[in-house]
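The values are calculated or read from the model by the stated rules, or taken from the named source; none is laboratory data. Computed from a prediction, not measured in an experiment: that's the story for all the values here. Heads up: the accessible areas ignore ligands, DNA and RNA and are worked out on the full protein's heavy atoms, side chains in. Shrake-Rupley method; radii C 1.70, N 1.55, O 1.52, S 1.80 Å.
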Amino acid sequence: MDSVRFVDIQLQFLIVNRSAIKIAIRFAACAAVLFLVVHLYTTIIRVNPTTVALTFLVFVLIVSAVWGLRYALFTAFVATAAFNYYFLPPIHTFTISGTQNWIALLAFLTTAGIASQLSDRARKQTEEAVGRRRELERLYSFSQLLLTSDNVLQLLNAMPNHVIESFGVAAATIYLPEKGNIYRAGIEAPDLDTDELKSIIARGEPMMDHQRNLSFAPLKMGVRTVGALGVVGRLSRQTLDAMGSLIAIAVERANAVETLTRSETTREGEKLRSAILDSVTHEFRTPLTSIKASITSLMSNQGLSADDRGELMTVINEESDRLNRLIGEAAEVAQLESHEFQLDLQACRIVELMQAAVEDVKQVMGKHPVEIRVPEDISVRLDADRIKEVLVQLLENAAKYSTPESPIRITAEKKGTDFELSVADQGVGIDDMEQGLIFDKFYRGRNQRYRVQGTGMGLAIVKAIVEAHGGKIGVTSQLGCGSVFHIVLPMKS
């Protein structure tokens, strides 16, 4: 500790010595320039005393504007002495002959003194204006940094660093009684402790401790104090007030946004559950009615042939599969909304994937001929089960919305670093106004919602799967001429 204190004393002594040397050099420079002017006007250029006085006065003004009042006053007194000695008769003496010369000397000294004060005052006002402008710029940049996060915890952890970056202080500490934590950044500052910050909250006003080089400010929202700020460094009271208000507003804003986000998430969740329930409940009725009727017929004592019983069992089996698919879609939509969506990426041959998808929808396709146009050698890294689900959904939609026995075509090709896949049909087409809506959850075409069964969840699931792969999906369609759904996926290595 003694060695550290000795080093501090040496540093302070060095700083004081450097400051004293700097002051002495400035005084010497002022005197040297004056004597250069005297030498110029006495040996090189002969001028009258008025010109000399004006030259000295200009130099005094320059010194006052650049270095301050004390250097200007020193320059004024030395210039007065030089003016008397070298230019007022009798020359080379400090005596003055004649009232006129006395008046000239006093007028020069008075003018130099007043001009020095005015120039120094203008310089200080300019410095204050520049300082205020810099503080405003710092406060503006600081306010911009406070708007970068809507998460309260993230904002509080980053805020001390923002204070240091914006205002050039050595350390910053923020204390919020509601959180019960202190958030710090910068050098170690034992004086910025909880008790000190609590006293600032109780005080309710900024405080500058120049001895310890500390500044404190309460974080106030109107008349309510929400915390305290402490920094290692000297800041003006106005800056501390503004910082306290900005930090308090930022914290309250982040709290409000976080609360609003939670409320909005809860509301959207309730809305989603209601939409799923309404949509699925409506779609459940048809298969449940068919299953109930078939089971009732099987349980009755009516004499049913083996073919009739087989047909009823087939109905029960198909409608059960439909129920299972509806439940799966509803569960998948809920999973997508909760962001619990993971991909199992593996290298997969596209032609095999398409053949498997066509096989899965064989019954739904009926008499629709399916044409596959895919090069045998295309292999892409993707989640095979998910992309097959995409193909199954697009093929089912093509079959549902196309005239019987119309062809359906699947194509795939590489385009640069992307892989493009498309499913084309010759169905009724999609109106231009609806092409941007069909990928929304539960949306169904205005002219098809009562003609074709469905929940409106299929294309929303397709879009989520494609985007999870980093791809895009779109549709090109014309009424009466069919639709082409095209998917672009990046070629993952």
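Points to keep in mind about this one:
- Solvent-accessible area of Arg237 with every protein chain in place, 1.4 Å probe, in Å² to the nearest 10: 100 Å²
- Within straight-line reach of Lys400, meaning a Cα separation under 16 Å, sit the following lysines at least 8 residues removed in sequence or on another chain: Lys362, Lys367.
- Ranking Ser143, Ser19 by solvent-accessible area of protein heavy atoms (1.4 Å probe, all protein chains present), from largest to smallest, gives Ser19, Ser143.
- Descending semi-axes in Å of the stretch 122-209, equivalent ellipsoid built from Cα gyration tensor: 26, 18, 12
- Accessible-area order (highest first, 1.4 angstrom probe) of the listed residues Phe167, Phe74: Phe74, Phe167
- Which of Glu434, Glu205 is most accessible, then next, and so on - probe 1.4 Å: Glu205, Glu434
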